[in-house]
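First up is the structure itself, then whatever we jot down about it.
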Amino acid sequence: MHRTNDYVRQAIANLRHAPDADRNPWLQGMGSLIDELSRETDLQFDTKWDIEESRLTAKDSIELLAIVREALINIHKHADATHVRVHALTTKRGWICRITDDGKGFDPKTAHGDNRYGLKMMRDRANTMSWKLHIAQENGETTVTVEKEE
């Protein structure tokens, strides 16, 4: 429970302050987050990261890491999931990142309100960057999709 509180505090802090790009390089930050969750939870991860580094600005990296972090924390806290996939790839017009879990899910259409800070933060960050953010449930999986089109 103490670690969950730490995750929540970090997520709330990210609403006010972006992670420092120099102290938290993109892939190192992503790898550290997944390693930590792997050690401290029963979650099993499948990661495939094929976004060309040149396609991500420093700001893109910071904001995308914050969204992925929040999605993973939400999965850990709420989904009762066992498997998580984080797949990202370069597209003809930009890039796309999908975070998918096999947890109990929720209805994204009704998941609004004062106690949904993580979802609000992800939406706000995506909107600020002019990215598409989509949350869907299908075939027993919940997927958060973040997409940048150039």
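The values are calculated or read from the model by the stated rules, or taken from the named source; none is laboratory data. Quantities reported herein were computed from a predicted structural model and do not represent experimental measurements. Cβ coordinates were reconstructed from backbone atoms using ideal geometry, including for glycine residues, and neighbour counts include every protein chain displayed.
A search for C-beta distances below 7 Å between a residue of the stretch 46-72 that is closer than 20 Å to Thr82 by Cα and any residue that is surrounded by fewer than 21 Cβ atoms within 10 Å (Cβ to Cβ) and among the basic types (Lys, Arg), counting only pairs 6+ apart in sequence or on different chains, returns Asp46/Arg85.
Criterion first (assigned to a helix (DSSP H, G or I), in contact with a Gly (Cβ under 8 Å, 6 or more places away or on another chain) and crowded, with 18+ Cβ neighbours inside 10 Å) does Ile75 satisfy it? So Ile75 fits the description; yes.
Residue pairs whose Cβ atoms lie under 6 Å apart, sitting 6 or more positions apart in sequence or on different chains, and linking a residue in the stretch 90-118 that is within 16 Å of Ile73 (Cβ to Cβ) and charged (D, E, K, R) to a partner that is modelled with pLDDT of 85 or more and assigned to a strand (DSSP E or B), are Asp101/Val84; Asp101/Thr142. So, His76, is that one in contact (Cβ under 8 Å) with a residue 60 or more places away in the chain and of a type outside the set (Asp, Glu) or not? Considered against the rule, which asks whether it is in contact (Cβ under 8 Å) with a residue 60 or more places away in the chain and of a type outside the set (Asp, Glu), His76 comes out as yes.
Taking the conditions (1) modelled with pLDDT under 95; (2) among the β-branched types (Val, Ile, Thr); (3) touching a strand residue (DSSP E or B) at 6+ places or on another chain (Cβ under 9 Å); (4) more than 16 Å from Glu147 (Cβ to Cβ) in turn, Ile51 satisfies each one other than (4). The single condition among (1) more than 19 Å from Asp35 (Cβ to Cβ); (2) over 15 Å from the mean Cα position of the chain (by Cα); (3) modelled with pLDDT of 90 or more that Ala79 does not meet is (2).
Where residues in the stretch 109-150 are closer than 19 Å to Val86 by Cα and in a loop (DSSP other than H, G, I, E, B), which of them is modelled with the highest pLDDT? It comes out as Trp131.
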